[in-house]
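Single-structure report; data block below.
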Amino acid sequence: RPDQADVLARFLRALHTPAPLDAPRNSYRGVPLASRADTVQERMERLEHTPDAVDPHVKRVWRDALAAPSDASPTWIHGDLHPRNVLVLEGRLSAVIDWGDVARGDRATDLATIWMLLEQHSARERVIRALQEVSPATWMRARGWAVFFGVVLLDTGLVNDPRHARLGRRVLSQLAEGP
C-alpha cells in the first residue's frame, strides 16, 4: 500500500549503515553499475523488438546512471530486495527474507526497490523525501539499478516466468514517471 512508503524508508535507513572494511562483498550487487553494463546492454538488445519494453527514456536513465559519480561510502545492503523477498500481509510490509546476498556495497542497489515495490508515484516520492540524506547521484544510480532489475526480470520472464515479465515491464514503465 502507498502508506508503507514510510515503513520502507525506515527499513532502508536502518539497514544502510556503514559496513566495516572486512564485511563480505558481493560480486554482482552493490558494485559499480559499469560492471553490469554488458549484461544490461545484451538484454536491452534482446528486448529491442518487445513492444513497450525498453524505450528511449529507459535508455537515457541507464546512461545517466552509468555517468553518476559514486559519492557515498559503502553500507550494508540486502542485495536482493525485490518483491519476492519482501513479505506483505494485508498490504503492509511484514518481513524481508533471503539475506543470502547481504554485503558491503552501494546502497543504490537496494534503493531500486522503490520502483519494484511501490506502484504509486507519490509513494516513491515519499521514500525519496524521507531519505533526504541520500544524494541525487545515489538516486540516479538507484534508477540505474531499477533499469538493471527491470530488464533482467522482463528478459528472463518472457522466457519462462510471466510474473517476472509483468514486474520487469512495470518497473521500466514506472521509471518513465520519474521518482
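Condition check ((1) touching a Ser or Thr at 6+ places or on another chain (Cβ under 9 Å); (2) under 16 Å from Met44 (Cα atoms); (3) hydrophobic (A, V, I, L, M, F, W, C)) across all residues:
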{"site": "Leu87", "(1), (2), (3)": "yes, no, yes"}
{"site": "Glu125", "(1), (2), (3)": "no, no, no"}
{"site": "Ala130", "(1), (2), (3)": "no, no, yes"}
{"site": "Trp145", "(1), (2), (3)": "yes, yes, yes"}
{"site": "Asp155", "(1), (2), (3)": "yes, yes, no"}
{"site": "Asn160", "(1), (2), (3)": "no, no, no"}
{"site": "Leu172", "(1), (2), (3)": "no, yes, yes"}
{"site": "Leu175", "(1), (2), (3)": "no, yes, yes"}
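When both residues are 6+ apart or on different chains and their Cβ atoms are under 6 Å apart, which pairs have a first residue that lies in the stretch 18-38 and is within 17 Å of Asp110 (Cα to Cα), and a second that is of a type in the set (Phe, Trp, Tyr)? Close Cβ pairs (under 6 Å, with a partner that is of a type in the set (Phe, Trp, Tyr)) amount to Ala19/Trp76; Arg36/Phe148. Among residues of the stretch 44-89 being of a type in the set (S, T, N, Q) and assigned to a loop (DSSP other than H, G, I, E, B), the one that is farthest from the chain's Cα centre (by Cα) is Thr50. Restricting the stretch 90-128 to residues that are acidic (Asp, Glu) and part of a loop (DSSP other than H, G, I, E, B), the residue that is surrounded by the fewest Cβ atoms within 10 Å (Cβ to Cβ) is Glu90. The residues in the stretch 37-53 that are closer than 14 Å to Arg63 by Cα and either open to solvent by 50 Å² or more (accessible area, probe 1.4 Å) or small (Gly, Ala, Ser) (or both) can be counted, and the count is 3. Just the residues that are out of contact with any Asp or Glu (no Cβ under 6 Å at 6 or more places or on another chain), more than 17 Å from Gln41 (Cβ to Cβ) and not acidic (Asp, Glu), please, taken from the stretch 52-85. Of everything in the stretch 52-85, those that are out of contact with any Asp or Glu (no Cβ under 6 Å at 6 or more places or on another chain), more than 17 Å from Gln41 (Cβ to Cβ) and not acidic (Asp, Glu) turn out to be Ala68, Pro69, Ser70, Ala72, Ser73, Pro74, Thr75, Trp76, His82, Pro83, Arg84. Sort out which residues of the stretch 24-42 are of a type in the set (D, E, K, R), part of a helix (DSSP H, G or I) and under 12 Å from Phe149 (Cα atoms), and write them in order of number. The answer is Arg36, and nothing else. With respect to being closer than 13 Å to Val151 by Cβ and not acidic (Asp, Glu), Thr50 fits the description.
The values are calculated or read from the model by the stated rules, or taken from the named source; none is laboratory data. Remember, predicted model here, so these are calculated numbers, not experimental data. Backbone-built Cβ (ideal geometry, glycine too); neighbour counts: all protein chains shown. Ligands, DNA and RNA are excluded from the accessible area calculation, which covers all protein heavy atoms including side chains. Shrake-Rupley method; radii C 1.70, N 1.55, O 1.52, S 1.80 Å.
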